[in-house]
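Reviewing the structure listed below.
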Amino acid sequence: MLKVPHVTGYLSEHFADDAFATLEGYESKGGYEAARTALKKMTPAEVIDLVKRAGLQGRGGAGFSTGLKWSFMPVQSDGPKYLVCNADESEPGSFKDRILLERGPHQMLEGILIAAWATGAEKTFVYIRGEYAEAARILSGAIDEAYRAGLLGKDVLGSGFAHDVVLQRGAGAYICGEETGLLESLEGKKGQPRKKPPFPAQYGAFGQPTTVNNVETFSHVPHIVRRGADWFRSIGTEKSPGTTLFGVSGHVNRPGLYELPLGTPLSEIVFEHAKGLPDGRRVKGVIPGGMSMPILPADQLDVRMANEFLREKKTMLGTGGIMVMDEHTCMVRAGCIITYFFRDESCGQCTQCREGTGWLNKIFSRIERGEGREDDLAVLEDVAAKMEGQTICAFSDAAAWPVQGLLRHFKSDFELHLRERKCPFEHSFEL
């Protein structure tokens, strides 16, 4: 039995049933009925319009309209059209896609099949994080089941529509979670993001029109087709409909995966669902959406977890990976870990990112050692500002934002380090 999720919704309601990962178990819960409806009773344009009206936002971090993204795929093409499922879940603090793959692979495959019908794609490449060995094994088995049942292949469900799914293992590079870096890796090249335009819908995998969505985005689609746009819009907020899976980790009593409507207050997630902090400790800061999102201080936890509200606090939902830090946490040490990660994972293609990530980590480490200089904080702010919005992809921004958030809300931690020439938080975690 699954022990990770503690609150469930339509995506995860059957995850505690081991059989739900199999085709027989999935179909016993109504699985693939939405695909039958889409392929036999709806035109591709009608499916795209339904997803647009539902307001489904991509759950990979950017929050872009899924239906609109599908509509960018050209109706006519001289060559094949492809879908890519981004299963390269490498954002620290995020683990929702792993659970979706391990517990509900057919839910995602059904979403892929509906998206393929809507866009006219003949093949889907599922690019999965290299470390997700168990998820890859389970998904591979689910794909084989789907082929044997006629749900994939040359004549899907007797409709005359053909679609294939190919599973591609990654090799553990964070940058391959960026959609064009993923496409380069998929083609057997070094995983480096591409300049845009052209966008993937015009020139994607192997030079062909391609639409890229992530695991959770595809998993919502069968529910929208089965229950309709109005049902989906009745959950969440007006601008951010539906549920999402929040992965809560850090200093909480009950870390886990919580499927909740978008717009749920962060304080409710931390204190009601994750049961607060152990030993009566207080919150110091919370990263709301994976490590690349700017941190929020304790007095801003009333914010609702949807992008339209989080942007007002100068942060974003990201991947929904909520990381809670208690009052003993040294934010300089937290910054050391964050900047080390981004320094290590930069592909090195853009100067601002390659050099900026190194500078940030070097300065954080110097302050932590008690060797900080008077102008270090100003230099950190300046370097981060020069990294933001200046590179081919958003990796440089993702490296700069956490630094900006730490300095915005916890500058006193840095000033204490500079003044005392050591870490003043004796109960913080060790580096």
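Quick notes
- Accessible area in square angstrom per residue, region 202-291, 1.4 angstrom probe: 34 Å²
- Distance from the C-alpha centroid of region 34-112 to that of region 241-288: 27 Å, rounded to the whole angstrom.
- Hits among lysines - C-alpha to C-alpha of Lys154 under 25 Å, sequence gap 8 or more where chains match: Lys40, Lys41, Lys81, Lys123
- Karplus (6.51, -1.76, 1.60) ³J(HN,Hα), θ = phi - 60°, over region 29-38, in Hz, Gly and Pro reported as x: 9, x, x, 6, 5, 5, 5, 4, 4, 5
- Average Cα contact separation per residue, the chain, under 8 Å, 6 or more apart, as relative contact order %: 16 percent
- Over the chain: helical MRE at 222 nm, DSSP H runs n ≥ 4 each giving -39500 (n - 2.57), nearest 500: -12000 deg cm²/dmol
- Simple spin-label estimate for Phe271 and Ala149 in nanometres, 7 Å along Cα-Cβ: 4.4 nm
- Eligible aspartates and glutamates near Lys96 by straight Cα distance, threshold 13 Å, same-chain separation 8 or greater: Asp88, Glu216, Glu259
- Rounded to 10°, Cα long-axis angle of helix 395-420 versus longest principal axis of the chain: 20 degrees
- Contact order relative to length of region 154-274, as percent, for alpha carbon pairs under 8 angstrom and 6 or more apart: 11 percent
- Neighbours of Leu50 by Cβ distance under 12 Å: Lys/Arg scored +1, Asp/Glu scored -1, total +3.
- With all protein chains modelled, accessible area of Ser77 [1.4 Å, Å²]: 50 Å²
- Order of exposure, largest accessible area first, which applies to Tyr203, Tyr147 with probe 1.4 Å: Tyr203, Tyr147
- On Cα atoms only, tilt of 376-387 relative to the major axis of the chain in degrees: 20 degrees
- Taking amide H as placed 1.01 Å from N in the peptide plane, the amide H of Gln202 sits under 5 Å from that of Thr210, each at least 5 places away or on another chain.
- Converting phi to 3J(HN,Hα) with the Karplus coefficients 6.51, -1.76 and 1.60 and the offset θ = phi - 60°, region 234-250 yields 6, 10, x, 10, 4, 8, 9, x, x, 9, 8, 9, 9, x, 9, 9, x Hz in sequence order, with x at every glycine or proline.
- Sorting Asp164, Asp155, Asp88, Asp279 by solvent-accessible area of protein heavy atoms yields Asp279, Asp155, Asp164, Asp88, largest first, with a 1.4 Å probe.
- Dipole size of region 251-311 about its Cα centre, with +1 on Lys/Arg Cβ and -1 on Asp/Glu Cβ: approximately 200 debye, rounded to the nearest 20.
- Positive-end extreme of charge dipole, region 206-273 - chosen from Gly250, Gly207, Ser267 (charges on Cβ): Gly207
- For Val165, distant residues with modelled amide H under 5 Å away: Thr124
- Inter-probe distance in nm under a simple model that places probes 7 Å from Cα toward Cβ, at Asp164 and Glu27: 2.4 nm
- Order by protection proxy (mean Cβ within 10 Å, highest first), peptides 234-247, 403-416: 234-247, 403-416
- Contact order normalised by residue count of region 34-132, Cα under 8 Å, 6+ apart, percent: 37 percent
- Cα centroid separation - region 375-431 against region 203-230, whole Å: 36 Å
- Accessible surface of the chain, 1.4 Å probe, proportion on carbon and sulfur as whole %: 49 percent
- Here Cys176 sits with roughly 10 square angstrom of accessible surface, probe radius 1.4 Å.
- Antiparallel bridge percentage (DSSP; both residues within the chain; nearest 5): 40 percent
- Within the chain: Cβ-based charge dipole about Cα centre, in debye rounded to nearest 20 (Lys, Arg +1; Asp, Glu -1): 500 debye
- Look at the dipole of region 43-86 built from charges on Cβ: of Gly58, Cys85, Val47, the Cα furthest out on the positive end belongs to Gly58.
- Computed on protein heavy atoms with a 1.4 Å probe, the accessible areas place Lys69, Lys284, Lys154 in the order Lys154, Lys69, Lys284, largest first.
- Pairs with C-alpha atoms separated by more than 22 Å, drawn from the list Lys275/Lys422; Lys362/Lys386; Lys69/Lys239, are Lys275/Lys422.
- When nucleic acids and ligands are ignored and a 1.4 Å probe is applied, Glu420 ends up with an accessible area of around 80 Å².
- Per residue solvent-accessible surface (Å²) - region 301-417, probe of 1.4 Å: 40 Å²
- Each residue of region 220-230 is assigned a 3J(HN,Hα), and the resulting list reads 6, 4, x, 5, 5, 5, 6, 10, x, 5, 5 Hz, derived from the Karplus form 6.51 cos²θ - 1.76 cosθ + 1.60 (θ = phi - 60°), x at Gly and Pro.
- For Rg and Dmax of the Cα atoms in Å, the candidate list reads (i) 22.0, 73; (ii) 22.7, 93; (iii) 21.0, 64; the entry that matches the value derived from this model is (i).
The values are calculated or read from the model by the stated rules, or taken from the named source; none is laboratory data. These numbers come from a predicted model, not from an experiment. No Cβ is skipped: glycine too gets one built from the backbone with ideal geometry, and neighbour counts run over all protein chains shown. These accessible areas exclude ligands, DNA and RNA; they are computed on the full protein's heavy atoms, side chains included. Shrake-Rupley method; radii C 1.70, N 1.55, O 1.52, S 1.80 Å.
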